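Remarks on the structure that follows.
The values are calculated or read from the model by the stated rules, or taken from the named source; none is laboratory data. Note that this is a predicted model, so its numbers are computed, not measured. So basically every Cβ, Gly included, is an ideal-geometry build from the backbone, and we count neighbours across all protein chains shown.
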Ligand code: SAH
Ligand code: SF4
């Protein structure tokens, strides 16, 4: 049975109604459904999935297990989406940062951080962020929208293209871990994030285990339980302060869901155990939250929660009122935390030789004279990227 293409609207911003459906917006079940509408058997969905997510093809021509007329038929109805790399920066230490541009022209940042035992891809969940954490440049960006599931998956696909990271390509895949720590608040876009994670974890495709995926939230308490139940990924919480007074200023969503309520949601996180701990992120801000008393209060606050602590040196950006804590202050804070049993909480900076600090791609892009509809601010990527000046 043939179904008129016009009936297929994928509801994706920037896609024409009736245009080709982007496969990356579909779950495996939905893809099978679309193919069934064309009278194609279920195993075709498996074949297509393998080509798209295991082999990394971007068109239908290379799909040699499908007969030529079928490839042509599929090419008329589907496309295999990728954001376009508007900018790419590679550090001598292997860190790569992209500014990916989506179909409607909006952009978000993605970062790859190679380490000896893993390769972590940091992806964005929104363009900008509706929240306004006072130390985060993403919060100053005017243009904000949710990324679609396909646009979230698309960052992994485009990064895999650039890194030659396809499962079929070679042993020792570069991307082993994923963190949702780029632009945006993933729990304000949980529907699309969860759909994207189902594609990313699918074991006949990209096959990245949910145990190797971490989602970072500023503390959207009502969605935390659902996040654990629906996605099963590791949770990271942007704590950044040990009193409501300070956290209200740094992470204003704290006025809605204060620290005590957030901590209870953490205790209740599905699947929490000593083997699956919550990571508490703590940005080191000079004179704001970095004293020894803060460190001791942090240890008390996390008592009884299977937890890891990630101390993040603050990435300054032009116009910010904050400074990063001096190295000895960070060391002292770390020592108190380590004495309480938390291991190596400060991570080494990466990507020093490229403009790898959050938001630095914007100024570079502007210097290159690229047109953009809205000025954009940088991501709050919480990975160990250090500023090299703007
Ligand atoms: N919105 C989510 C995830 C993205 S931000 C969240 O807030 O958790 C990822 C991490 O980077 C968060 O811990 C965030 O607080 C941190 N971050 C944002 N801006 C930063 C900056 N300028 N320097 C250091 N860390 C920053
Ligand atoms: Fe949004 Fe996270 Fe930045 Fe806060 S820290 S403004 S929640 S991206």
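Structure data summary
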item	result
Counted residues, the stretch 234-258 - those being within 24 Å of the chain's Cα centre (by Cα) and in contact (Cβ under 8 Å) with a residue 40 or more places away in the chain	12
Residue within the stretch 60-75 that is closer than 22 Å to residue 152 by Cβ and in contact with a helix residue (DSSP H, G or I) (Cβ under 6 Å, 6 or more places away or on another chain) present	no
Conditions (1) touching a strand residue (DSSP E or B) at 6+ places or on another chain (Cβ under 7 Å); (2) crowded, with 21+ Cβ neighbours inside 10 Å; (3) part of a loop (DSSP other than H, G, I, E, B); number of the one not met by residue 133	(1)
Counted residues, the stretch 110-130 - those being away from ligand 1 (no atom under 11 Å from the Cβ), touching a strand residue (DSSP E or B) at 6+ places or on another chain (Cβ under 6 Å) and over 17 Å from residue 97 (Cβ atoms)	1
Verdict on residue 149 being within 13 Å of ligand 1 (Cβ to nearest atom), within 13 Å of the chain's Cα centre (by Cα) and either surrounded by 21 or more Cβ atoms within 10 Å (Cβ to Cβ) or under 26 Å from residue 22 (Cα atoms) (or both)	no
Candidates 99, 131, 143, filtered to the one that is within 12 Å of ligand 2 (Cβ to nearest atom) and either closer than 30 Å to residue 255 by Cα or in the same structural domain as residue 157 (by TED's automatic domain parsing) (or both)	131
Positions within the stretch 185-225 being assigned to a helix (DSSP H, G or I), within 15 Å of the chain's Cα centre (by Cα) and within 16 Å of ligand 1 (Cβ to nearest atom), in sequence order	186, 187, 188, 190, 192, 193, 194, 196, 197
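Rundown of residues vs (1) out of contact with any strand residue (DSSP E or B) (no Cβ under 9 Å at 6 or more places or on another chain); (2) closer than 16 Å to residue 241 by Cα; (3) within 16 Å of ligand 1 (Cβ to nearest atom), yes/no style:
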position	(1), (2), (3)
303	yes, yes, no
308	no, yes, yes
313	no, yes, yes
317	yes, no, yes
323	no, yes, yes
331	no, no, no
335	yes, no, no
341	yes, no, no
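Yes/no matrix, rows are residues, columns are (1) under 23 Å from residue 317 (Cβ atoms); (2) within 21 Å of the chain's Cα centre (by Cα):
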{"residue": "76", "(1), (2)": "no, no"}
{"residue": "84", "(1), (2)": "no, yes"}
{"residue": "87", "(1), (2)": "yes, yes"}
{"residue": "98", "(1), (2)": "yes, yes"}
{"residue": "106", "(1), (2)": "yes, yes"}
{"residue": "124", "(1), (2)": "yes, yes"}
